[in-house]
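*Asks:* What follows is a single structure, and I will ask about it in a moment.
The values are calculated or read from the model by the stated rules, or taken from the named source; none is laboratory data. Worth saying up front: this structure is predicted, and the values here are computed from it rather than measured. Cβ atoms come from the backbone with ideal geometry, glycine included; neighbour counts cover every protein chain shown.
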Amino acid sequence: LVYAEIVEGKTKLLVPEGSLRAAAPPTAPVFFNPAASVNRDVSVAMAAAAGAATFCDSLAGVGARGVRIAKEVEGTRAVTLVDFNPLALKLAKKAARMNWVSRKCAFEVSEANAALASRYGRDERFESVDVDPFGTPARFLQGALAATANGGILSVTATDTAALCGVYPKVAWRRYGAVPVNNHFHHETGIRILVNAISRRAAAMEAGVSPVAAHATRHYVRVYARVEAGARKADESLASEGYVNWCPACGSTEASRERAERCPRCGARGKSAGPLWVGRLTESRTVEEAAGFAEGMKFAAAAKILWSLVGVDAFPPWSYSIEGICSTLKVATVPESAVRERLAKAGYRSFRQPFEGTGIKTDAPYSAVREAVAESRPTAPPRHPSQ
Ligand SMILES: C[S@@+](CC[C@H](N)C(=O)[O-])C[C@H]1O[C@@H](n2cnc3c(N)ncnc32)[C@H](O)[C@@H]1O
Ligand SMILES: [Zn+2]
């Protein structure tokens, strides 16, 4: 196997040469995905903002995330890197040496759940635990929750977006105990299903969660959540469980404690996503601080992701597709900015949907958005009087 030395952020990494060229990096003999650098940039910024002194990279691979946190986050005192692939950890160990952070790093060749669960009930839990598996994180949630200190942050990547975002509802049901939707807010729904699955798992262990940040791309969804011990915290998080009921016929959408079989507006058969997390997704102070850190480090894409989240919790847990409304109205697509201006004039607030490629969040009902779209249609330019 040929290795390449690369630099990501401020950190030198040792990675399989082949992973830099392949469209889908090989999983054997060791895995490294250069395209996940933005995911790791956000992670570094979040660690800096949250100020966790101890970090566990529980599925560490070649150590890209863990070694970067050891190197790039000043307040980090100790990083534990776990992977059951000894070759991966050998490279991680070398990377730690190359960056002069060996002193801060510990390496455990172990099955992740075994390493994580071994911390349960002991004074050796981590202020931050990361779970970055191939595919679904479902099987690692219990261990990760067990290893997170009271008030600490659990971060989770899920690359099974096809399940979470509604392409394979049966798989989502099996892994997360929830029904997804495949529509214009399916990434946000995927994030909320994942958060609620974490909350449910935490509740069984008498702990609650409160999300700090979340983001989504085509390939993965990512969630950061604070874990707080106690039955009361668990009950508080369960109170954020609900459904998003969406009517494909008339477009009306609502969040509710209950699954709705029929649309309350038009009576058509509705779609109901959930159970999912209908509460806040961000801790804005931490997100703003992370965004500022990312900006300072010139992590442009990460900074953009983080800034896009600031203010999102003032809006309902779904969005409207302007493109979709235009096609329902059979009119040419109008710019989102024009629709948002109209909504503002009508007294509504709106926000760029941060979790999907397009769309807007607003406190306006569907009917008002539809009206704003209709009014935003470009009219034929007036003819010059002299012509
Ligand atoms: C997606 S990669 C991690 C990538 C890494 N976090 C990064 O940012 O480069 C998943 C890693 O988990 C390891 N792995 C998978 N299942 C595991 C398990 N049950 N216990 C320990 N390691 C596991 C694999 O060997 C692989 O290195
Ligand atoms: Zn309806």
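*Asks:* Check T328, T333, T286 and return the single one that is assigned to a helix (DSSP H, G or I) and more than 30 Å from A45 (Cα to Cα). Talk me through it step by step, then tell me what you get.
*Replies:* Numbers: T333 fails: assigned to a helix (DSSP H, G or I); T286 fails: more than 30 Å from A45 (Cα to Cα).
After applying the criteria, what remains is T328.
*Asks:* When you go through A78, A146, A117 one by one, which is the residue that is within 23 Å of the chain's Cα centre (by Cα) and without any contact (Cβ under 8 Å) to a residue 60 or more places away in the chain?
*Replies:* Details: A78 fails: within 23 Å of the chain's Cα centre (by Cα); A117 fails: within 23 Å of the chain's Cα centre (by Cα).
Residue meeting the stated conditions: A146.
*Asks:* What strands (runs of 3 or more DSSP E) completely inside the stretch 194-252 contain at least 1 residues that are farther than 25 Å from N182 by Cβ?
*Replies:* Working: elements: 207-216, 221-229, 241-246.
Hits in the stretch 194-252: 207-216, 221-229.
*Asks:* Given A88, A70, which one is in contact (Cβ under 8 Å) with a residue 40 or more places away in the chain, part of a helix (DSSP H, G or I) and away from ligand 2 (no atom under 16 Å from the Cβ)? Let's see the steps before the verdict.
*Replies:* Working: A70 fails: in contact (Cβ under 8 Å) with a residue 40 or more places away in the chain.
Checking each option against the conditions leaves just A88.
*Asks:* When you go through V334, V287, V339 one by one, which is the residue that is surrounded by 22 or more Cβ atoms within 10 Å (Cβ to Cβ) and free of Cβ contacts under 8 Å to residues at least 60 places away in the same chain? Write out each step before concluding.
*Replies:* On the way: V334 fails: surrounded by 22 or more Cβ atoms within 10 Å (Cβ to Cβ); V287 fails: free of Cβ contacts under 8 Å to residues at least 60 places away in the same chain.
V339 is the lone residue from the list that is surrounded by 22 or more Cβ atoms within 10 Å (Cβ to Cβ) and free of Cβ contacts under 8 Å to residues at least 60 places away in the same chain.
*Asks:* Would a scan of the stretch 226-238 turn up a residue that is more than 16 Å from ligand 1 (Cβ to nearest atom), buried (at least 19 other Cβ atoms within 10 Å of the Cβ) and closer than 30 Å to A35 by Cα?
*Replies:* Filtering the stretch 226-238 down to residues more than 16 Å from ligand 1 (Cβ to nearest atom) leaves 226-238.
With buried (at least 19 other Cβ atoms within 10 Å of the Cβ) added as a condition, the list becomes 226-228, 233-234, 237.
Restricting the remaining residues to those that are closer than 30 Å to A35 by Cα gives 226-227.
Looking for residues that are more than 16 Å from ligand 1 (Cβ to nearest atom), buried (at least 19 other Cβ atoms within 10 Å of the Cβ) and closer than 30 Å to A35 by Cα, one finds at least one in the stretch 226-238, hence yes.
*Asks:* Return the only residue of A28, A60 being in a loop (DSSP other than H, G, I, E, B) and in contact with a Leu (Cβ under 7 Å, 6 or more places away or on another chain). Lay out the reasoning, then the answer.
*Replies:* Numbers: A28 fails: in contact with a Leu (Cβ under 7 Å, 6 or more places away or on another chain).
Exactly one of A28, A60 is in a loop (DSSP other than H, G, I, E, B) and in contact with a Leu (Cβ under 7 Å, 6 or more places away or on another chain), namely A60.
*Asks:* Select from the stretch 240-253 the residues that are touching a residue at least 40 places away in the same chain (Cβ under 8 Å) and within 18 Å of G279 (Cα to Cα) and write down the one among them that is farthest from ligand 1 (Cβ to nearest atom).
*Replies:* Narrowing the stretch 240-253 to residues touching a residue at least 40 places away in the same chain (Cβ under 8 Å): 240-241, 244, 246, 248, 250-253.
From what's left, within 18 Å of G279 (Cα to Cα): 240-241, 244, 246, 253.
Numbers: S240: 28, E241: 28, V244: 30, W246: 32, T253: 34 Å.
Per the stated criteria, the residue is T253.
*Asks:* Can you tell me which residue within the stretch 122-136, out of those that are part of a loop (DSSP other than H, G, I, E, B) and either hydrophobic (A, V, I, L, M, F, W, C) or in contact (Cβ under 8 Å) with a residue 24 or more places away in the chain (or both), is nearest to V79 (Cα to Cα)?
*Replies:* R125
*Asks:* Which residue is surrounded by the most Cβ atoms within 10 Å (Cβ to Cβ), if the candidates are limited to the stretch 352-387 and must be of a type in the set (A, V, I, L, M) and modelled with pLDDT of 90 or more?
*Replies:* To start, the set of residues in the stretch 352-387 that are of a type in the set (A, V, I, L, M) comprises 360, 364, 368-369, 372-374, 380.
Add one more test, that the residue is modelled with pLDDT of 90 or more, and what stays is 360, 364, 368-369, 372-374.
Details: I360: 22, A364: 22, A368: 16, V369: 25, A372: 27, V373: 25, A374: 15.
Among them, the one singled out is A372.
*Asks:* Test of understanding: among V38, V67, V30, V2, which residue is among the hydrophobic types (A, V, I, L, M, F, W, C) and in contact with a Cys (Cβ under 8 Å, 6 or more places away or on another chain)? So that I can check it myself, show each step before the final result.
*Replies:* Working: V38 fails: in contact with a Cys (Cβ under 8 Å, 6 or more places away or on another chain); V30 fails: in contact with a Cys (Cβ under 8 Å, 6 or more places away or on another chain); V2 fails: in contact with a Cys (Cβ under 8 Å, 6 or more places away or on another chain).
So the residue among V38, V67, V30, V2 that is among the hydrophobic types (A, V, I, L, M, F, W, C) and in contact with a Cys (Cβ under 8 Å, 6 or more places away or on another chain) is V67.
*Asks:* All but one of (1) over 23 Å from A225 (Cα atoms); (2) of a type in the set (A, V, I, L, M); (3) assigned to a loop (DSSP other than H, G, I, E, B); (4) more than 14 Å from ligand 1 (Cβ to nearest atom) hold for V7, so report the exception by its number.
*Replies:* (3)
*Asks:* Could you tell me which residue of the stretch 113-130 is farthest from A213 (Cα to Cα), considering only residues that are aliphatic (A, V, I, L, M) and surrounded by 24 or more Cβ atoms within 10 Å (Cβ to Cβ)? It would help to see each step written out before you state the result.
*Replies:* Residues of the stretch 113-130 aliphatic (A, V, I, L, M): 114-117, 129.
Filter once more, so that each one left must be surrounded by 24 or more Cβ atoms within 10 Å (Cβ to Cβ): 116, 129.
Details: L116: 23, V129: 15 Å.
The extreme case among them is L116.
*Asks:* Check the stretch 96-104 and report whether any residue there is under 27 Å from the mean Cα position of the chain (by Cα), at pLDDT 95 or above and away from ligand 2 (no atom under 16 Å from the Cβ). Show your work before the answer.
*Replies:* The first filter runs over the stretch 96-104 and keeps only residues under 27 Å from the mean Cα position of the chain (by Cα), leaving none.
Within the stretch 96-104 (the criterion being under 27 Å from the mean Cα position of the chain (by Cα), at pLDDT 95 or above and away from ligand 2 (no atom under 16 Å from the Cβ)), the answer is no, since none of the residues qualifies.
*Asks:* I'd like the full set of residues that are within 29 Å of L164 (Cα to Cα), among the hydroxyl-bearing types (S, T, Y) and assigned to a loop (DSSP other than H, G, I, E, B), limited to the stretch 338-363.
*Replies:* Answer for the stretch 338-363, where residues must be within 29 Å of L164 (Cα to Cα), among the hydroxyl-bearing types (S, T, Y) and assigned to a loop (DSSP other than H, G, I, E, B): just T358.
*Asks:* Right, another one. N183 is checked against (1) farther than 21 Å from V278 by Cβ; (2) in contact with a Pro (Cβ under 8 Å, 6 or more places away or on another chain); (3) among the polar types (S, T, N, Q); (4) not in a strand (DSSP E or B) and fails just one. What number does that condition carry?
*Replies:* (1)
*Asks:* Just one of (1) within 21 Å of P248 (Cβ to Cβ); (2) in a helix (DSSP H, G or I); (3) touching a residue at least 12 places away in the same chain (Cβ under 8 Å) trips up V167, so point out which.
*Replies:* For V167, the failing item is (2).
Each row is one residue, and each column tells you yes or no for (1) of a type in the set (K, R); (2) within 18 Å of R97 (Cα to Cα); (3) under 22 Å from the mean Cα position of the chain (by Cα).
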| site | (1), (2), (3) |
| --- | --- |
| I6 | no, yes, no |
| L14 | no, yes, no |
| S37 | no, no, yes |
| A45 | no, no, yes |
| A48 | no, no, yes |
| L59 | no, no, yes |
| R65 | yes, yes, yes |
| I69 | no, yes, yes |
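*Asks:* Let me ask another. List the residue pairs whose Cβ atoms are under 9 Å apart, where the first residue sits in the stretch 255-283 and is farther than 21 Å from D363 by Cβ, the second is outside any loop (DSSP other than H, G, I, E, B) and within 16 Å of ligand 1 (Cβ to nearest atom), and the two are 6 or more positions apart or on different chains.
*Replies:* E283/Y224
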